[in-house]
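Any read-out appearing in this document is the output of simple, stated calculations on the displayed coordinates, not a laboratory observation. Keep in mind that this is a model prediction, so the values were computed, not measured. We place every Cβ from the backbone using ideal geometry, glycine too, and count neighbours over all the protein chains shown.
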């Protein structure tokens, strides 16, 4: 994406789930869409103390098809992890379902432990609507979802959606409570199709993807506090940092923990973006790993503790503008914690934050 990109935003409040059978787009378009706001700050969506934890499945919905800049690395190498930014490529949809009625579809594995009960599940999706083409924003609040071995069901956003247009792009994020669907579908390969994202080439570039976050209960796992936050905040270099305060923790010294982040339009090799956490004891830790350097955290990866720990189809290493990473939070909890403050800084070309989820040990 080019240096002229500006930052967009929004997302927000809890409502209800809407699921229906796979219906023609012309009929589905008549469904009422949630209200849209220009910006919604991060707020806590769900929290619980339980024997269990958090898992997620995630994938991007679009990737490079060919180079559009003479300085770009070959598209094939970028898919395998080479540095590259979406504005240097002609971008095209990923399609894995062989369904002629869908124009994009991707899969990812959800690792709910055997014997666990799903306590809560939420699906997030979003992207850029204007690249070489302009996609209609009326379709922002609808995707198709198939549980492992199942048929598509339409999922409608149940929350205030973000949608803001600037000189170069047209971005949004939407989400829905899908707890009943995930309780029924369980672990395995989940498919999400018909993400409303634009393909083609522009200086800003194309991006988009989806993430399913699931809280589960399991009697043989430790007592943990889990918390899910969402919003849609734009970050840019030299602008104010993004801060999310997570309070009410009861993590004893030596606790284990993890934090997950979903971000849009972060570029691999464009430096300046970082993520740090400070506990109420004053201990500050930069969150990074082998796949997410401390000064390039939002670098288009989908990883867990620096590893590719679940199956995705396709499984690109550089997702060209979509991040869904899980970091080890344990170093920040070495002295225990009652609260944590997460601080995000922006890269030189800016990026967007969509989701934050946190899991920490709790006292028995």
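Brief remarks on what is shown
- Spatial offset of the range 83-157 relative to the range 248-275 amounts to 23 Å, using the alpha carbon center of each.
- Converting the Cα gyration tensor eigenvalues of the range 120-178 into ellipsoid dimensions via √(5λ) gives semi-axes, longest first, of 24, 13, 8 Å.
- The relative contact order of the range 296-356 comes to 36 percent, based on Cα pairs under 8 Å that sit 6 or more residues apart.
- Rg in Å to one decimal, and Dmax rounded to a whole Å, for the range 53-106 via C-alpha atoms: 13.7, 46
- Within a Gaussian network of the chain (alpha carbon springs, distance under 10 Å), most fluctuating of 47, 114, 313: 114
- Value of relative contact order over the chain, rounded to a whole percent, pairs C-alpha under 8 Å and six or more apart: 26
- Counting neighbouring beta carbons within 10 Å and listing from fewest to most, the residues 98, 135 come out as 98, 135.
- Principal axis dimensions, the range 71-191 - Cα atoms, whole angstrom, descending: 51, 34, 27
- Over the range 23-133, the alpha carbon radius of gyration divided by the compact-protein estimate 2.2 N^0.38 Å works out to 1.43.
- Over 31 Å [Cα-Cα, the range 18-361], rounded percent: 27
- The convex hull of the Cα atoms of the range 114-244, projected and averaged over all directions, covers 10.2 nm².
- Protection-proxy order for peptides 197-208, 48-59, each taking the mean of Cβ atoms within 10 Å per residue, highest first: 197-208, 48-59
- Pairwise label distance in nanometres, residue 295 with residue 338, each label 7 Å out on the Cα-Cβ vector: 3.7
- Per residue of the chain, the DSSP helices (runs of n ≥ 4 H) give a summed -39500 (n - 2.57) that works out to -1000 deg cm²/dmol at 222 nm.
- Here the translational diffusion coefficient of the range 212-364 follows from Stokes-Einstein with Rh set to the Kirkwood radius across Cα pairs; for 37 °C and 0.692 mPa s it amounts to 209 µm²/s.
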